[in-house]
Amino acid sequence: MFQRPHLQQLKERMLESRRFIQVIVGPRQVGKTTLVGQLVKELSIPSHMVSADGIAASNIVWLNQQWETARQLLKSNKHISYLLVIDEIQKIDNWSETVKTLWDEDTKNNCNLKVLILGSSRLILQKGLTESLAGRFEKTYMGHWSFQEMKDAFGFTQEQYVWFGGYPGSASLIHDEQRWKHYIKESLIETSILKDVLMLARIDKPVLLKNLFEIGCFYSGQILSYTKIMGQLQGVGNTTTLSNYLNLLDTAGLLSGIEKFSPSIIRKRSSSPKFQVHNTALISGQSTTLFNDIKNNSAAWGRIVESAIGAHLLNYSLTMDYVLNYWREGDAEVDFVITKNNISVAIEVKSSKATITNGMKQFQKRYAPQKIILIGADGIKWQDFLMMNPSDLFS
């Protein structure tokens, strides 16, 4: 059975400490629940696993009941410790305040209850963690599957990964592409937007949110001003609303608006976003084009390859703690800039043969990045780059 690298990390943490709150957060359908199931089987610690999915948001009593159940099981069986696993915790209103109260009670009463919390919204979970549970938890982020993981688990080629993306639950369907597209649209996109965005934040214009997502996927890899986006959306909404909705889509692991690289934070935040999907399946799943056809269209294939490179950089940025930007001044542009500890690496993606562009020359002259990287025919092959950890570029 294929196991993600997070499994060993979590196992070591559980065996090191008698008590902890471990939070696992990540997009829908990346295998968080499956991984915890594998973890429980490998540990000798008895456990109580529950999910808040389907529980009324106001039902804080349910959370208290599940916690008390774990306490009683710990006491009655005279275990040294016990594991409580709560999935989809963000569905419960004010969950963090309740967890804080219960955890502090256990601390006072020397109750060795270990708690594993799972959730699919970085925004909602982070707010609860920082406001109520500061100093009481450790967080693990589980992102979309990399090419190497899809290759090891399902035998994907790089070309298959670029088109079909990194959703493990859809891997068995790729040879029936119409069925695969239906699964992506109905079981992933619709569910993620309805459950992870619309139910977790006040959305005054849900149609605008959905339309923004669809346009963002279509223009993945391109820079659009918010004014131009509003034009695509027929003038509905305003720039602040669009920016907030894009942030929500980003925290749900769907669509990001990459900001422009600039030493000035103010200029960066006022820049036009570069749309970038977290997973290329979100593009191809909504497309009428089929895998065998797009490979014969060099321009369209080049765009999906660049989006795959962008998604690769974006997902690693969430675990490797580097910042992902783009850069543009006038007609001069650099596809991606990654920064860590004041060290920058500029990256260009070219599907055809290319030399150093004017954009890269200007960026190098102005900011003196540590490295300039070309991905494509005359540089690192995109197939090879998908097997790399981008943080290695800083060494």
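The values are calculated or read from the model by the stated rules, or taken from the named source; none is laboratory data. Only a predicted model underlies this, so the values are computations on that prediction, with no experimental measurement involved. Note that each Cβ is placed from the backbone with ideal geometry, even for glycine, and that neighbours are counted across all protein chains shown.
Here are a few things to note about the model shown:
- Only one of the numbered conditions (1) modelled with pLDDT of 95 or more; (2) assigned to a loop (DSSP other than H, G, I, E, B) is violated by R179, and that is (2).
Yes/no matrix, rows are residues, columns are (1) acidic (D, E); (2) outside the structural domain of G135 (by TED's automatic domain parsing); (3) within 16 Å of H48 (Cβ to Cβ); (4) out of contact with any helix residue (DSSP H, G or I) (no Cβ under 9 Å at 6 or more places or on another chain):
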| residue | (1), (2), (3), (4) |
| --- | --- |
| L73 | no, no, yes, yes |
| S81 | no, no, yes, no |
| D93 | yes, no, no, no |
| E97 | yes, no, no, no |
| D104 | yes, no, no, yes |
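- Restricting the stretch 70-92 to residues that are of a type in the set (A, V, I, L, M) and out of contact with any strand residue (DSSP E or B) (no Cβ under 7 Å at 6 or more places or on another chain), the residue that is surrounded by the most Cβ atoms within 10 Å (Cβ to Cβ): I92
- The condition (being surrounded by 16 or more Cβ atoms within 10 Å (Cβ to Cβ), in a helix (DSSP H, G or I), in the same structural domain as Y326 (by TED's automatic domain parsing) and over 16 Å from the mean Cα position of the chain (by Cα)) is satisfied by just one residue among A201, A153: A153.
- In this entry, N342 is excluded by the filter for residues that are under 30 Å from I174 (Cα atoms) and without any contact (Cβ under 8 Å) to a residue 12 or more places away in the chain.
- Among the criteria (1) part of a strand (DSSP E or B); (2) without any contact (Cβ under 8 Å) to a residue 24 or more places away in the chain, the one A300 does not fulfil is (1).
- Qualifying residue in the stretch 180-194 (condition: surrounded by 18 or more Cβ atoms within 10 Å (Cβ to Cβ), within 28 Å of A332 (Cα to Cα) and over 19 Å from the mean Cα position of the chain (by Cα)): no
- Reported count of residues in the stretch 340-395, each being aromatic (F, W, Y) and surrounded by fewer than 19 Cβ atoms within 10 Å (Cβ to Cβ), is 2.
- Qualifying positions in the stretch 230-248 - at pLDDT 85 or above and surrounded by 13 or more Cβ atoms within 10 Å (Cβ to Cβ): T241, L242, S243, N244, Y245, L246, N247, L248
- With a requirement of 3 or more residues that are under 14 Å from G119 (Cβ atoms), the helices (runs of 4 or more DSSP H) lying completely within the stretch 1-105 that satisfy it span 32-42.
- Some residue of the stretch 125-138 being assigned to a strand (DSSP E or B), surrounded by fewer than 20 Cβ atoms within 10 Å (Cβ to Cβ) and at pLDDT below 85: yes
- Qualifying residue in the stretch 249-262 (condition: loosely packed, with under 15 Cβ neighbours inside 10 Å, modelled with pLDDT under 90 and in contact with a helix residue (DSSP H, G or I) (Cβ under 8 Å, 6 or more places away or on another chain)): no
- Among the candidates L324, L386, L318, the residue that is more than 25 Å from L224 (Cβ to Cβ), aliphatic (A, V, I, L, M) and in contact with a Phe, Trp or Tyr (Cβ under 7 Å, 6 or more places away or on another chain) is uniquely L386.
- Scope the stretch 316-346; condition assigned to a loop (DSSP other than H, G, I, E, B) and touching a strand residue (DSSP E or B) at 6+ places or on another chain (Cβ under 8 Å); matching residues: D321, Y322
- Residues that are touching a Phe, Trp or Tyr at 6+ places or on another chain (Cβ under 7 Å) and modelled with pLDDT under 95 do occur in the stretch 295-305.
- Filter result for G221 (modelled with pLDDT under 85, closer than 26 Å to S271 by Cα and assigned to a loop (DSSP other than H, G, I, E, B)): no
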